[in-house]
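Have a look at the structure below before the remarks.
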Amino acid sequence: MANIRDLAKEAGVSVATVSRVLNGYPYVSEEKRKAVWEAAQKLQYVKNIQAVHLAKGRTAIVGVMLPYIHHPYFSAVIEGISKEALRYGYQLLLFQTNYEVERELEALERLRMKQMDGLIVCSHEVDWEAFAAYQEDGPIVLCEQVERYDFFTVYIDHYQAFVQALRYLIKKGHRRIGYCIGRMTGPNSQARAGAYQDVLREVGVLPRWQWVFDGCLFLEDGKRVMEQWIAMEERPSALLVTSDQVAAGIVLHARRIGVRIPDELAVIGFDNDPLAEMLGITTVALPHFTLGERAFRLLHHWLETGRVARKQEELPARLLVRDTA
């Protein structure tokens, strides 16, 4: 059976170059990379992955915990993670949990059993104590702000993002403001609820929790929100919608039933999804792709060096004003 010295001789490169190519490291010329793979094919080289893992103490696998793969928010985060994983020669192991605690704990147990080198958590249901119990088993990067524990985190400040949008609506004269959200629990949702209370109280308005629409994740949920809005005796004049997909559903159904946007109902979405631009929806641009990139880089740097320059990184959001608010 061929070994890496045979490959080096056949390809006309050094053993070190062969090792870099086989392990997916960057900074190898395309010509040498091609020569190595052609030699591997000719000599029918089979890499002993288990031996490599034992020698390195690594699997070259990073886990990613997320509730939904098909949701635009998480799809964009995964794209950013995948780009960096490909760059550094890592494979991803996805754990789609649907916010089920058992599935989240399964991902953490896989980390404990050394079936992956680290774990990136996009969103979760288990409490902080659960994550803290696994910190010694490998690096865990959380894609949200955490104050209480000493975690690695890369996050978008959802409190400030909500504050931006709320203050814009108030400046436009709105006081009857509600919002749509994917779920009521979780740190990001709590941050949004805090912003909602704080900003309304700045102008002497009490929060109206009956104007908070839960379970809003996908395009079709926008229709449900509009049907509930129509049925209300007292309605909000503006809605913050934490997904542009849901905002698009609201705008499209409003047009279908003759509700004038933004005259009767102002709408601000979140994410800066391409659909928002196509439909002219005012939105708060959230850097999901960058969030994924930075999360993987933070994890990779820790794996390579055993340290990080900083444990927390905040990414900014920005309001893009269009036709619906």
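The values are calculated or read from the model by the stated rules, or taken from the named source; none is laboratory data. Here the structure is a predicted model, which is why all the values come from computation and not from measurement. All Cβ positions, even for glycine, are placed from backbone atoms using ideal geometry, and neighbour counts span all protein chains on display. The area values use the complete protein model at the heavy-atom level, side chains included, leaving out ligands, DNA and RNA. Shrake-Rupley method; radii C 1.70, N 1.55, O 1.52, S 1.80 Å.
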Identity of the residue in segment 74-119, in a loop (DSSP other than H, G, I, E, B) and among the hydroxyl-bearing types (S, T, Y), that ends up nearest to I61 (Cα to Cα): Y90
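From the list H288, H301, which residue is within 22 Å of I78 (Cβ to Cβ) and surrounded by 20 or more Cβ atoms within 10 Å (Cβ to Cβ)? Write out each step before concluding.
Working: H301 fails: surrounded by 20 or more Cβ atoms within 10 Å (Cβ to Cβ).
Just one listed residue meets the conditions, H288.
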Segment 71-83 residues that are of a type in the set (S, T, N, Q), paired with ones that are open to solvent by 20 Å² or more (accessible area, probe 1.4 Å) (beta carbon under 8 Å, 6 or more apart): S75/I69; S82/L92
Residue list for segment 231-266, restricted to those being closer than 19 Å to R175 by Cβ and acidic (D, E): E233, E234, D263, E264
In segment 223-239, residue nearest to G269 (Cα to Cα) [restricted to those that are open to solvent by less than 70 Å² (accessible area, probe 1.4 Å) and touching a Gly at 6+ places or on another chain (Cβ under 6 Å)]: L239
Filter result (open to solvent by 10 Å² or more (accessible area, probe 1.4 Å), modelled with pLDDT of 95 or more and in contact with a Cys (Cβ under 7 Å, 6 or more places away or on another chain)) within segment 174-198: none
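Among the listed residues R256, R297, R260, identify the single one that is under 30 Å from E313 (Cβ atoms) and either part of a loop (DSSP other than H, G, I, E, B) or basic (K, R) (or both). Show your work before the answer.
Numbers: R256 fails: under 30 Å from E313 (Cβ atoms); R260 fails: under 30 Å from E313 (Cβ atoms).
After ruling out the rest, the residue left standing is R297.
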Pairs where the first residue, in segment 288-310, is of a type in the set (S, T, Y) and the second is crowded, with 20+ Cβ neighbours inside 10 Å and at pLDDT 85 or above, C-beta under 7 Å, 6+ apart: T290/G80
Test: residue in segment 308-315 that is modelled with pLDDT under 95 and part of a helix (DSSP H, G or I): no
